[in-house]
Each structure stands twice: as C-alpha cells, then as structure tokens.
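Everything below concerns the one structure shown next.
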Amino acid sequence: MRLSAYFLPTLKENPAEAQVVSHRLMLRAGMIKQTSAGIYTWLPLGLRVLRKIENIVREEQNRAGAIEVLMPTIQPADLWRESGRYDDYGKEMLRIVDRHEREMLFGPTAEEVITDVFRHTIRSYKDLPINLYNIQWKFRDEIRPRFGIMRGREFLMKDAYSFDLDAAGARRTYNKMFVAYLRTFARMGLKAVPLRADTGPIGGDMSHEFAILADTGETEVHCHRDCVEYDILSEDVDFNADLEDRVGYWTSLYAAADEMHDPAMFEKGVPEDMRVNARGIEVGHIFFFGTKYSEAMGAQVAGPDGEPVSVEMGSYGIGVSRLVAGIIEASHDDDGIIWPASVAPFMAGLINLKSGDGACDAACDDIYRKLSAAGVEVLYDDTEGRAGVKFSTMDLIGLPWQIIVGPRGVKSGVVELKNRATGEREELSPESLVSRLTG
Ligand code: 5CA
C-alpha cells in the first residue's frame, strides 16, 4: 500500500480524552475514531489489526473442533423471556421496538439464539458433541464505557457455545477451549493467565477468566509465577486426545481473580518469591453452566435409550476488539506501538527519504514490487514529507520492520533495515533485504 493513496489520519498531539496508553496510541496512529460514547469507527490501519486477530481466533477455534456460524446482532426479546434473562439483564441491554411494536434487542451475548438454533435442528445424541461459534458485534450499554475500545459499548466478540450429552463430555469440550485459548493468546505474543472466576450474569458453576497482565487492567490477578512464564506454543497439542491432564496442570497452579481470591490459601500454597499480585485485562472468559439454558428453553436430544436428555452447555468468549488494545498495552514504548508480527497491520514500512528523486524512487519501487509479489505486506511512504516526520510516523504505527532508502545509500547500493522492537539497524543490499524479509 502506498501511503500517498492510503487513509492514515495520524495525530501529532496526545488526545486529551485518552487516559490509557493503548487508547492514546490507537487515536494517534489513526486506527479508530469515536463515533459516539463507546462506539467506534475502525479506520483502515485499525481494521487490518482487528482482522488479523480475528483470524488467529478463528484458526484456533477451528483447530479445536468448533464450527463457525454467524448469528444476527438483533435478537427477539421473547427468546430472552424463555431463558428468564430478559428482566435480569437490566439497563446494560439495548432494547429496541420494531415497526410492528415487537420487542427486540441488540445482543449482548447469544446463549438464547444458539440454543434456539440447536433445539430446532439437533434431535439425537448421535449428533453430539457440537460446538458452534461466531465472531460478531455485541452491544452492552456499559455505565462507564472507557479506555477506548477496551471497554466499549459496541465491541467484537468471539462467542462459542457447546452442547454435550453429559457433564463428562462437556468437561472435555471445556478443556479443549481452555487450551485453544492459551494457544490463541500466545500466538498474539501475549501471556494470558487463566484465573478461577465468578460466573456473573452468564451463570454456571465452572468458569475461567483469561487475563493479560497490564497495570491499566480492571481485574486483580493473584497467581503462581509459572502461569505467566509457561510456553504453550512449544507443545504439540492433539485436540482429539483427552486434555484433562494438561488443563489439570494449569488449574493446579494458584490463579484467581479478585472475587475468587483466598489470601490464606495463596500464602500457604505458593512460595513467596513465586507469588504474582498484579492487574490484568480480561481478554477471554469461559463458562460451563450445565443445563441452565437447555432446561429453560427445551433443548433436548434423544439419548441412547430413547429418553429425552437436556444437553450440557458451555459458552466461551474472547474480546476480539479489546485484544487490539490489550496487545498495545503489552507491547509499546515511548515512540509508539510495537506490533508482534502475527497481528501487525503491515509487516514492513518502506521509507523513501527523497520522494521525487529518480534513483530513490526506482530503488523503492523495486523493493516494494518484489516484497509485495512475495506476499509481504508493505506500507510504502512515498510522500514528500520530512524525514523526521516519516520516522516518527513509522515508529508510532509500530510495524515490525522499517526499510529506509536514501540518496546516499542508493548511490553505494545499500538500504537500511531497522527492527522496530529492538531498534537494531543494519545496512544491506536491496537483494539481501528482500531475501531476508521473504525468507
Ligand atoms: N456469553 C459469554 C461467553 S461467549 C460472555 O458473554 N462472556 S463475557 O461477558 O465474559 O464476554 C466475553 C469477552 O468479551 C470478555 O472476556 C471481554 O474480553 C469481552 N468484553 C466484554 N465486555 C466488553 C466491552 N464492554 N468492551 C470490550 N470487550 C468486552
């Protein structure tokens, strides 16, 4: 993408309304624009990151055996009356009346909709287990939307819903999601700690919240240091196998959110130098709630003996849009964002220090064409701005690599490659640069 033809409305000054670094940097890097309190337009750079995150979430859900669907954003109130949650949900639910005076709502979550799909389509235990997910916008009329998209009113969530014949099966499914979550966050360069958590308005009796450590987080985290330091991606996980031992290892380590924290147990169970007391951002939450919705809404299958059985359910959420902010909280410096390669909006920024100069333009065009042809996403700053501005914009938007092309280098056959994360710079020929970034 040529910057001269792109839409990247960056800001020089820190916006006064932004209290946390991720919000500040997202506004300054031209990733989002507030449309109304807690409601945002995603600008091109932000959207690219959102889509990358969404895709990692999708790949890991698919790997763990979940199947993608797409549910509507607008739901009928009647389904929520059946589950008994219509009145309980209170003011956080945005209620809408259509032209026929039918009560509708903008979905804050989708247990009712998916249970309705299930009860009309699945009849036999032979069709179980099944786990359906979607990545869809949700609306919660939060009292205090804040920190930008971190706590928005409209936000993108991945929500999966599982149906099993019995509690043992549901536990196997829960374990798959548990491990899929650890992999998902690790692939984004995050260390997410699974905390024993309260179930809140979703209900149920088993629940874990996944939090990434950050001072600005709203969740209190008390955990064993091993939870933070464990490397899940070095393991080869077979999602068809029983994952009880693997999840058992994690759940044996002390890790609790505030409501579930037991200081005496923490001190007894975890040596002092291994205790982590920190703040965290909740990026995912999984729940096992048994037959709460299936009984209320008549989601039954014929069991092996022909008798009807209410299915055992769980739900599994990931804050896809919140993750964009979470990753920035975890990865930035004074100059701007430092994107992990897996979610970076572009892999490299190509800076032409003298646009309009024949030799510089030719060198840049060549690099740009070769990298693009090899599938490397490049943002090419071909504008006529000052070098200093170009450098600070590239640092701000945080692409993993910067390729700097200037008249002096071009004359002697070299360009500069800068690693955004480490700051390391190196001079090399355009050919070696291309093979480095494509290799
Ligand atoms: N139905 C269940 C799981 S599918 C559910 O709704 N769980 S939740 O309430 O915990 O939400 C799932 C995830 O969405 C949270 O872990 C959080 O990362 C994200 N989330 C929740 N509220 C907001 C919000 N206001 N803004 C941004 N992300 C949010």
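The values are calculated or read from the model by the stated rules, or taken from the named source; none is laboratory data. Nothing here was measured: the structure is a model prediction, and the numbers come from that model. Because the Cβ atoms are built from the backbone with ideal geometry, glycine has one as well, and the counts that use them run over all protein chains shown.
Checking the condition touching a Pro at 6+ places or on another chain (Cβ under 6 Å) and either charged (D, E, K, R) or surrounded by 13 or more Cβ atoms within 10 Å (Cβ to Cβ) (or both), which residue from V343, V410, V378, V415 passes?
V415
Identify the residue in the stretch 260-284 that is charged (D, E, K, R) and exposed (fewer than 14 other Cβ atoms within 10 Å of the Cβ) and, among all such residues, is nearest to the ligand (Cβ to nearest atom). I'd like the intermediate steps shown before the answer.
Initial filter on the stretch 260-284 (charged (D, E, K, R)): 262, 267-268, 272-273, 275, 279, 282.
Checking the rest, the ones that are also exposed (fewer than 14 other Cβ atoms within 10 Å of the Cβ) come to 262, 267-268, 272-273.
Working: D262: 22, E267: 28, K268: 29, E272: 30, D273: 30 Å.
Applying the filter and picking the extreme gives D262.
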Out of M150, M177, sole residue that is within 29 Å of L43 (Cα to Cα) and assigned by TED's automatic domain parsing to the domain that holds A255:
M150
Restricting the search to the stretch 310-327, which residues are near the ligand (Cβ under 8 Å from one of its atoms) and part of a strand (DSSP E or B)?
S315, Y316, G317, I318, G319
Quick one: count up the residues across the stretch 199-246 that are closer than 17 Å to G319 by Cβ and exposed (fewer than 13 other Cβ atoms within 10 Å of the Cβ).
2
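Here is a yes/no grid of residues against (1) more than 15 Å from the ligand (Cβ to nearest atom); (2) small (G, A, S); (3) in the same structural domain as V237 (by TED's automatic domain parsing); (4) in contact (Cβ under 8 Å) with a residue 40 or more places away in the chain:
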position	(1), (2), (3), (4)
A64	no, yes, yes, yes
M71	no, no, yes, yes
S83	no, yes, yes, yes
L94	no, no, yes, yes
E101	yes, no, yes, no
V113	no, no, yes, yes
So D87 ticks every box in (1) more than 14 Å from the ligand (Cβ to nearest atom); (2) at pLDDT 95 or above; (3) not basic (K, R) but one. Which box is left unticked?
(2)
Restricting the search to the stretch 96-125, which residues are crowded, with 20+ Cβ neighbours inside 10 Å and of a type in the set (D, E)?
E111, E112, D116
Do the conditions hold for R51, that is, is it free of Cβ contacts under 8 Å to residues at least 60 places away in the same chain, more than 16 Å from the chain's Cα centre (by Cα) and in a helix (DSSP H, G or I)?
no
Does at least one position in the stretch 232-247 carry a residue that is touching a strand residue (DSSP E or B) at 6+ places or on another chain (Cβ under 8 Å) and either without any contact (Cβ under 8 Å) to a residue 12 or more places away in the chain or in the same structural domain as H332 (by TED's automatic domain parsing) (or both)?
no
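Quick check on this structure: which one of L8, L105 is part of a loop (DSSP other than H, G, I, E, B), more than 30 Å from A241 (Cα to Cα) and hydrophobic (A, V, I, L, M, F, W, C)? Write out each step before concluding.
On the way: L105 fails: part of a loop (DSSP other than H, G, I, E, B).
On inspection, the qualifying residue turns out to be L8.
Of the residues F147, F155, F185, only one is more than 14 Å from the chain's Cα centre (by Cα) and within 16 Å of the ligand (Cβ to nearest atom); which?
On the way: F155 fails: more than 14 Å from the chain's Cα centre (by Cα); F185 fails: more than 14 Å from the chain's Cα centre (by Cα).
Going through F147, F155, F185 in turn, just one is more than 14 Å from the chain's Cα centre (by Cα) and within 16 Å of the ligand (Cβ to nearest atom): F147.
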Mind checking which residues of the stretch 310-335 are of a type in the set (A, V, I, L, M) and touching a helix residue (DSSP H, G or I) at 6+ places or on another chain (Cβ under 7 Å)?
V311, M313, I318, V320, L323, V324, A325, I327, I328
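Of everything in the stretch 54-88, what is among the aromatic types (F, W, Y) and assigned to a helix (DSSP H, G or I)? Give them in sequence order. Walk me through how you get there before you give the answer.
First, pick out the residues of the stretch 54-88 that are among the aromatic types (F, W, Y): 80, 86.
Once the filter is applied, which keeps residues that are among the aromatic types (F, W, Y) and assigned to a helix (DSSP H, G or I), the stretch 54-88 yields only W80.
So which residues in the stretch 338-382 are β-branched (V, I, T) and within 22 Å of M188 (Cβ to Cβ), if there are any at all? Before you say what the answer is, go through the steps one by one.
The first filter runs over the stretch 338-382 and keeps only residues β-branched (V, I, T), leaving 338, 343, 351, 367, 376, 378.
Result: I338, V343, V376, V378.
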Hey, any hits in the stretch 163-180 for a residue that's within 12 Å of the ligand (Cβ to nearest atom), crowded, with 24+ Cβ neighbours inside 10 Å, over 16 Å from the mean Cα position of the chain (by Cα) and polar (S, T, N, Q)?
no
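Do we find that G306 is surrounded by 24 or more Cβ atoms within 10 Å (Cβ to Cβ) and either over 26 Å from T121 (Cα atoms) or out of contact with any helix residue (DSSP H, G or I) (no Cβ under 7 Å at 6 or more places or on another chain) (or both) in this structure?
When the stated conditions are applied, G306 does not pass them.
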I need every pair where a residue in the stretch 117-141 that is farther than 20 Å from V57 by Cα has its Cβ under 7 Å from the Cβ of a residue that is more than 15 Å from the ligand (Cβ to nearest atom) and of a type in the set (D, E), sequence separation at least 6 or different chains.
L128/D164; P129/D164
Residues in the stretch 142-179 that are touching a residue at least 40 places away in the same chain (Cβ under 8 Å) and within 21 Å of Y293 (Cβ to Cβ): how many?
21
So which residues in the stretch 108-123 are in a loop (DSSP other than H, G, I, E, B) and within 23 Å of the chain's Cα centre (by Cα), if there are any at all?
P108, T109, A110
Check V193 against each of (1) buried (at least 20 other Cβ atoms within 10 Å of the Cβ); (2) within 11 Å of the ligand (Cβ to nearest atom) and name the one condition it does not meet.
(2)
